[in-house]
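Accompanying notes for the structure given below.
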Amino acid sequence: MSERLLYLSRNDVKALAIAPGEAREAVLQAFRDHAAGLNRSLPKSALGLGPGHGFQAMTAASQANGIATLKWVSMAPVGPDSTVPGINALICVSDYESGAPLAVLDGDEITLIRTAALSAAAAARMAPPAPRTIGFVGCGLQAHAHLAAFLALYPGLTTALALSRSRPSAERLAQAASERGLATEIAADAATLLARSDIVISMVPGAPGLKPFLDARLTKPNAFAAAVDIGRSWIPESLPAFDVLATDSLEQSKAPYDIDGNPVTTVRFGHDLVELANAAHPTAPGARSFFCFRGFALADLALAHLVVGRARERGIGTTLPR
């Protein structure tokens, strides 16, 4: 049994500066390993307490990476201008063979990186090959992570549109995009953003009274949309306008989710990243495509493996006695 435990704080994870391309490839490799039977995971276990309020557990093990992980996530409603995070996470890492605990990681930064990596991995298999305009619906921390991930994947992006219930958060994202060389605009409404964007990222948090407001029928004929918000912001009746719908794992999800967290009845997913990890979808890049995901435990494992290995190489983190 190991007598020492590595602890990585949020600042430790940030100091590792994991590149978006590295994260994207780590996620894709996890799905390739899954297709090859080299890793396993359990569906997300969720305890819902109300809109935007609850706890989740995500468990995975990888023979290829030699580790097993448990991610513990808490969610609580916060105001649009709150400085208190609405989501908090920890990741526990154990040795695959012996079961010995190896590390405890702050999961917030890893969740940001892996979520953006999942969206970018799907875009690499489904999105138009040379997008120019990206639209962000919701402009919090995930939007900033997605901005970095999509600029790494598509350096030819020229324009970023921002739409948020909080004007200051939209302005911060616009400023970040401008500093990266993009022309920026705060969209007046959802219809304008959807009509102009080649790529749409929706990141609307659950909140009491939320009503779906994104209409898939208003998107470009070959747009790609990633619903980080599990689909709650999209009008269910409009979703059949998408030609191709995919998720991270069909084992875990069969359809996008409505504002109450229930699967919609208007569409079903036809593909997942287990299938698409090795090659692009044959028709999605020229059609309307939609990627919606709840979060796959193996993606968190892949990032935890990358982070722990890099921390050991660089001597970053705190070693704790058990």
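The values are calculated or read from the model by the stated rules, or taken from the named source; none is laboratory data. Worth saying up front: this structure is predicted, and the values here are computed from it rather than measured. Cβ: placed from backbone, ideal geometry, glycine included. Neighbour counts: every protein chain shown. We work out accessible area using only protein heavy atoms, side chains counted, and drop any ligands, DNA or RNA first. Shrake-Rupley method; radii C 1.70, N 1.55, O 1.52, S 1.80 Å.
Things to note:
- Remark: spin-label model distance A191-T319 equals 6.3 nm, labels positioned 7 Å along the Cα→Cβ axis.
- Annotation: peptides 296-306, 142-152, ranked by per-residue average of other Cβ atoms within 10 Å with the highest first, follow the order 296-306, 142-152.
- Farthest toward the positive end of the dipole of the chain, out of P131, A277, S94, is the Cα of P131, where the dipole comes from beta carbon charges about the Cα centre.
- Anisotropy class of the stretch 29-167 from Cα gyration tensor, a/c 1.5 cut: oblate
- Here the chain carries DSSP beta bridges of which approximately 55% are antiparallel, counting only pairs with both residues inside.
- Anisotropy class of the stretch 140-293 from Cα gyration tensor, a/c 1.5 cut: oblate
- For the stretch 213-311: rounded, prolate or oblate by the Cα gyration tensor [a/c cutoff 1.5]: prolate
- Working ranking of peptides 233-242, 86-95 by packing, defined as the average number of other Cβ atoms within 10 Å per residue, highest first, is 233-242, 86-95.
- Cross-link partners of K211 among aspartates and glutamates, defined as those whose alpha carbon lies under 14 angstrom from its own and excluding same-chain residues fewer than eight positions apart: D229, E237, D258, D260.
- Sequence of L194, L141 when ordered by accessible area, the most exposed leading, probe 1.4 angstrom: L141, L194
- The share of accessible area on the stretch 249-322 that comes from carbon and sulfur is 48 percent, using a 1.4 angstrom probe.
- Taking 29 Å as the straight-line reach from the Cα of K14, the lysines in range (excluding those fewer than 8 positions away in the same chain) are K44, K71.
- Karplus (6.51, -1.76, 1.60) ³J(HN,Hα), θ = phi - 60°, over the stretch 231-244, in Hz, Gly and Pro reported as x: x, 4, 8, 9, 5, x, 5, 8, 4, x, 5, 6, 7, 10
- Amide H contacts under 5 Å for I67, placed H, 5+ residues apart: S62, Y96
- Taking 15 Å as the straight-line reach from the Cα of K254, the aspartates and glutamates in range (excluding those fewer than 8 positions away in the same chain) are D272, E275.
- The residues of the stretch 68-118 have, on average, 42 Å² of accessible surface per residue, using a 1.4 Å probe with all protein chains present.
- Which of V27, V78 is most accessible, then next, and so on - probe 1.4 Å: V78, V27
- Averaged per residue, the stretch 231-272 has 42 square angstrom of accessible surface, using a 1.4 angstrom probe with ligands and nucleic acids left out.
- Carbon and sulfur %, accessible surface of the stretch 85-223 computed with the full protein complex present, 1.4 Å: 56
- The stretch 236-291: trypsin sites (Lys or Arg not before Pro) falling in loop per DSSP and having at most 16 other Cβ within 10 Å: K254, R268
- Total charge dipole magnitude, the stretch 166-322, about the Cα centre, Cβ charges on Lys, Arg, Asp, Glu only, Debye to nearest 20: 380
- Our Cα-only numbers for the chain put the radius of gyration and Dmax at 18.8, 58 Å.
- Ordering of 163-172, 222-231 by packing [mean C-beta count within 10 Å, highest first]: 222-231, 163-172
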